[in-house]
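As structure tokens, the structure follows; a few thoughts come after it.
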Amino acid sequence: MQPVPLTHIGILVKDLDASRPRWATVLDLPFSPITRYRPQNWSDLGNPVPHLHDARLTFFLGVNPSIEILEFVGNGTHSPAKGEGGHHVAFPPLADCALRRQELADLGIGTDGEFFHAGRWMLTFADARPMNNVYTEWVEEHPDHPDVKDDLSPINRLPDGSKTLFDIATIEAVGGVRPPSGITEIGIAVDDLDKAAITWQAVIGCHFHGDADQTSMVSNELHPRIRLVQQSDTASRQGLYFAVVSVPDLGRTQARLRSAGAPIFHKRLGPEGSQEEVWVDPEYLNDFSIRFRAA
Ligand SMILES: [Fe+2]
């Protein structure tokens, strides 16, 4: 299949109101007001009986890819048992989600969370277990997606009539065009590099090759790059755990983060420390690692 680009990454948190301002401080662009996605008949492996799934969330203004932060809810896909941190990766809306579900099933990847409406699979979270503890989110474009404001009133509409999760003034301030997030790479901790590369290649259609460090495999065919990292060298669990953000002036970003009170580390990577990065302490960002690098 053709490689499919990521549209957003999803981060799961315990307290969205507390996390949202921290992420905005680190990334230096606003997040949307808190909204809710409220399908009445969500079901997932944790609770297969169709039920209300009242998911509070916020989206980063930056795109390609954006960042969605969601609060713990329910006993399944978004439960506290999943832990804070990297949760899912999402792709452009599909014309027919049923087809994608069948393709995934043919690869041995079932469904965990799902929501069926008006004869369509509106939203599907594929089972994260065969995908290194990362959910893949598949949606169909549809006018009935159940987004509402945090107070349950309708979400805003832009002058062209389209729905937006943002304040109108925020979108007008950027001339109607959301800026790039600057995310150039995401990292996923995996327990078996070769096996993970085969699975991810089958699902998103891009090829992975071993990197010089021997502990990761990377695909350069998509934006952002996707790096699979041998788990023992990195994280305590499998899953999505870092994003590299490219900035024009690393020194300026470092100074900005310091003055904002964000806890940071300066890192030198690569051969003879050729690569400089400024890492934000994952404890500050819900166990997720944002790593700034000079463009
Ligand atoms: Fe999402």
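Computed from the coordinates by the stated procedures, all read-outs in this text should not be read as laboratory data. Everything numeric in this text was worked out from a predicted model, so none of it was measured. Note that each Cβ is placed from the backbone with ideal geometry, even for glycine, and that neighbours are counted across all protein chains shown.
Give me the one-decimal Kirkwood hydrodynamic radius in Å for segment 1-66, with the sum taken over alpha-carbon pairs. All intermediate terms of the calculation are to be shown ahead of the outcome.
Numbers: mean 1/r = 0.0718 Å⁻¹.
Hydrodynamic radius (Kirkwood, Cα pairs) of segment 1-66 is 13.9 Å.
Treat the count of other C-beta atoms within 10 Å as a stand-in for reagent exposure and order 135, 284, 241 from fewest to most.
Values: 135 26, 284 20, 241 23.
So the ranking, lowest neighbour count to highest, is 284, 241, 135.
Across bins of 5 angstrom width beginning at 0, how are the C-alpha pair distances of segment 149-295 distributed, in whole percent?
In whole percents, the pair-distance histogram is 2, 8, 13, 16, 15, 15, 12, 10, 6, 2, 0, 0.
What's the exposure ranking of 181, 232, 246, going from fewest to most Cβ atoms within 10 Å?
In increasing order of surrounding Cβ atoms, one gets 232, 246, 181.
Tell me, 121, 42 in order of fewest to most beta-carbon neighbours within 10 Å?
121, 42
So in the chain, what percent of DSSP beta bridges are antiparallel if you round to the nearest 5?
Around 70 percent antiparallel, to the nearest 5.
Using the Karplus equation 6.51 cos²θ - 1.76 cosθ + 1.60 (θ = phi - 60°), what ³J(HN,Hα) coupling, rounded to whole Hz, does each residue of segment 85-102 give in order, writing x for Gly and Pro?
In residue order, the calculated couplings are x, x, 10, 8, 10, 10, 10, x, x, 9, 6, 9, 5, 4, 5, 4, 4, 5 Hz.
Karplus couplings for segment 135-147 from phi (6.51 cos²θ - 1.76 cosθ + 1.60, θ = phi - 60°), rounded to Hz, Gly and Pro as x?
6, 9, 9, 10, 10, 10, 5, 6, x, 9, 4, x, 8
In debye to the nearest 20, how big a dipole does the chain give about its Cα centre with +1 on each Lys and Arg Cβ and -1 on each Asp and Glu Cβ?
460
Cα convex hull of the chain: mean projected area in nm², to one decimal?
Spelled out: convex hull of the Cα atoms, projected over all directions, averaged, 15.3 nm².
Residue by residue through segment 185-193, what is 3J(HN,Hα) from phi via Karplus (6.51 cos²θ - 1.76 cosθ + 1.60, θ = phi - 60°)? Round to whole Hz and write x for glycine and proline.
7, 10, x, 10, 7, 9, 8, 9, 4
Nearest 5 is fine: what % of DSSP beta bridges in segment 182-295 come out antiparallel, could you say?
Taking every DSSP beta bridge within segment 182-295, about 65 percent pair in antiparallel fashion.
Got a sec? Charge dipole of the chain, +1 on Cβ for Lys and Arg, -1 for Asp and Glu; which of 29, 75, 6 is way out at the positive end?
Of the candidates, 29 comes out farthest on the positive side.
Could you state the number of Å between the C-alpha centres of segment 279-295 and segment 112-160?
27
In Å, the Kirkwood hydrodynamic radius of segment 53-98 over pairs of distinct alpha carbons?
Evaluated over segment 53-98, this radius sits at 12.4 Å.
Over the residues of segment 16-131, compute the C-alpha Rg and express it relative to 2.2 N^0.38 Å.
Cα Rg divided by the expected 2.2 N^0.38 Å: 1.12.
What is the mean projected area of the alpha carbon convex hull for segment 86-168, to one decimal in square nanometres?
Dividing the Cα hull surface by four gives the mean projection, 6.8 nm².
How big is the equivalent ellipsoid of segment 75-131 along its three axes, where each semi-axis is √(5λ) from the Cα gyration tensor, reported in whole Å from largest to smallest?
Semi-axis lengths for segment 75-131 are 21, 14, 11 Å.
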